[in-house]
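Novice: Could you have a look at this structure, given as structure tokens, before my questions?
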Amino acid sequence: AWGLLLYGGVLLVANKLQAKAFGSLALQMVIAEWGAGRLAVAWSDPQADPPTWSAIAKRAGRGGTVGLLAAASVVAFALATHALVASANTPEPGQLGMGLLTAALIGARDELLLRGIVLRAFRKSCPTLALLLICGGAGAAAEYGLLGGSGDGSPARLAVAGLLGIVFASLWLVDRGGWLPLGAHTAWTTATGAVIRGGLFDLRSPATPWGGGDAGVLGSPATLVALVP
């Protein structure tokens, strides 16, 4: 019930502050952090010794490496299959920095709401595989529009979102906390967003069934095929 209430609060903020996207994301993250704390969802294993900042940075860095490698593999596959095509571009460092900060806020919000709280709610009643599938379902539902997603609803887009939910939930279980998945989520979102949308490169999806048209890199069937392995 607490999780659903937090979910509703984040939706309300997203709807009311649409004109102030960055401020809205910051407030959504604060709500998610406060609520997750009330539900005993922690970024680190509460039964272990408190981690040092160096240890936290290493965990987040390892996650970032995982996210970057996954994104690079997907983008390379999409370019090879012409699901993405390169356009002339002048790099925008400011856009890249803002994209990274925005990705970190989105990652923190979603990891707490869609993975941390979900795992906390079902960890004692479901086996590991069921936990991962539930997290995947939560990710697909959010992509459908419940947390400010596009509401596109295309099967490929929802499948990719669900698969990412399973991957990030797996990282929660491996890390026994949220720093590893937060790093991976932030890196993935930045690499498949700001980096290839003008920050460093300008890669676009051709309007074809294989490329996914306006759905972009996360919605293309080519990307789904690349992610499955």
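Novice: Calculate I(q)/I(0) for region 42-94 by the Debye formula, one identical point scatterer on each C-alpha and no solvent, and give its log10 at q = 0.14, 0.29 Å⁻¹ to two decimals.
Specialist: -0.63, -1.07
Novice: Give me Rg over Rh for region 51-124, both radii from the alpha carbons and Rh done the Kirkwood way, two decimal places.
Specialist: That ratio equals 1.08.
Novice: Kirkwood Rh, Cα Rg: Rg to Rh for region 1-83?
Specialist: Rg divided by Rh gives 1.11.
Novice: Rounded to a whole number, what is D in µm²/s for region 88-140 from Stokes-Einstein with the Kirkwood radius over alpha-carbon pairs (37 °C, 0.692 mPa s)?
Specialist: Answer from the Stokes-Einstein relation: 252 µm²/s.
Novice: Would you please calculate the Kirkwood hydrodynamic radius of region 30-160 over all C-alpha pairs and express it in Å, rounded to one decimal?
Specialist: Its Kirkwood hydrodynamic radius stands at 17.5 Å.
Novice: A further question follows. Between Asp202 and Glu33, how many nm apart are label points set 7 Å from Cα along the C-beta direction?
Specialist: That separation, rounded to one decimal, is 3.6 nm.
Values in this text are rule-based calculations from the coordinates and carry no lab data. Given the structure is predicted, the values throughout are model-derived calculations rather than measurements. Cβ atoms come from the backbone with ideal geometry, glycine included; neighbour counts cover every protein chain shown.
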